[in-house]
1. By how many nm would the segment from Arg139 to Glu93 lengthen if fully extended, with 0.36 nm per residue of separation less the alpha-carbon distance?
2. Taking the chain, how many lysine pairs are there with alpha carbons less than 19 Å apart, if each pair must be eight or more places apart or span two chains?
3. Hey, what did the chain get for relative contact order, percent, Cα under 8 Å, at least 6 apart?
4. Using a 1.4 Å probe and counting only protein heavy atoms, arrange Asp121, Asp103 so the residue with the most accessible area comes first.
5. Report, by chain and number, residues whose modeled amide H sits under 5 Å from the one on Leu163, excluding near sequence neighbours (fewer than 5 apart, same chain).
6. Can you work out ³J(HN,Hα) from phi for every residue in the stretch 81-94, in order, using Karplus 6.51 cos²θ - 1.76 cosθ + 1.60 and θ = phi - 60°, giving whole Hz and x for Gly and Pro?
7. For the stretch 97-191, report the accessible area per residue in Å² (1.4 Å probe, heavy atoms, rounded to an integer).
8. Would you mind checking which residues have amide H under 5 Å from Thr138's amide H? H placed 1.01 Å from N; only 5 or more apart, or other chain.
Amino acid sequence: MTIGVLALQGSVAEHIKLIKSVNKKIDAVPVKTIDELAAVDGLIIPGGESTTLRILLDEFKLYTPIRTRVEAGMPVWGTCAGLILLANRIEGERSYFGLLDIDVKRNAYGRQIDSFVTEGDFAGMYVGMVFIRAPFITRVGPNVEVLAEHDGRAVAVKQDNILATVFHPELIARDNRIHKYFINMVEESLK
């Protein structure tokens, strides 16, 4: 099994490290090209700045290949900006991939200085959650499962082969359980 981490911006090394900590036999690789994307069984789109990521995805000609693979069933996990790119609707701007039936508001938790760490339940696991200029999920579609909430708002969701988190689990260095959750999604897709 090979899991790719989109390596255009964001915490690529942290995601790769946590994937490998789940199981050393899993290949975790950075993805910057169409050929690298074609070689993975699942993809993580890390946080960063969603506008910059849009520009880079277009420049690297990865929009259509990623969209096609996800529509064909490849598991994808978007964290923070990755969630924004996957969302159907983004307040005040056009959507990008538009594959996840949620509405989001960018930077709704505040500026960089307003970043915080908390803990909460994620699919029955008590985990750490790092919020950095995180978006709000303002609407969840009927086929979207809410996996975690913070202050009454959805902060982690799953729709078929798409996992998305408002927060950054890769920044809780010793907790690989959400990465294991995603790896399980990839394993199921390969059966």
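The values are calculated or read from the model by the stated rules, or taken from the named source; none is laboratory data. Keep in mind the model is a prediction, meaning the values are calculated, not measured. The protein model used for the area step is the full one, side chains on, heavy atoms only, and it has no ligands, DNA or RNA in it. Shrake-Rupley method; radii C 1.70, N 1.55, O 1.52, S 1.80 Å.
1. 15.0 nm
2. Pairs that pass both the separation and distance tests number 11.
3. Over the chain, the number comes to 20 percent.
4. Most to least solvent-accessible, the answer reads Asp121, Asp103.
5. Val76, Trp77, Gly78
6. With coefficients 6.51, -1.76 and 1.60, one gets 4, x, 4, 4, 5, 7, 5, 5, 9, 10, 4, x, 8, 7 Hz.
7. 48
8. Under 5 Å from the amide H of Thr138 lie the amide H atoms of Asp103, Val104, Lys105, each far enough along the sequence or on another chain.
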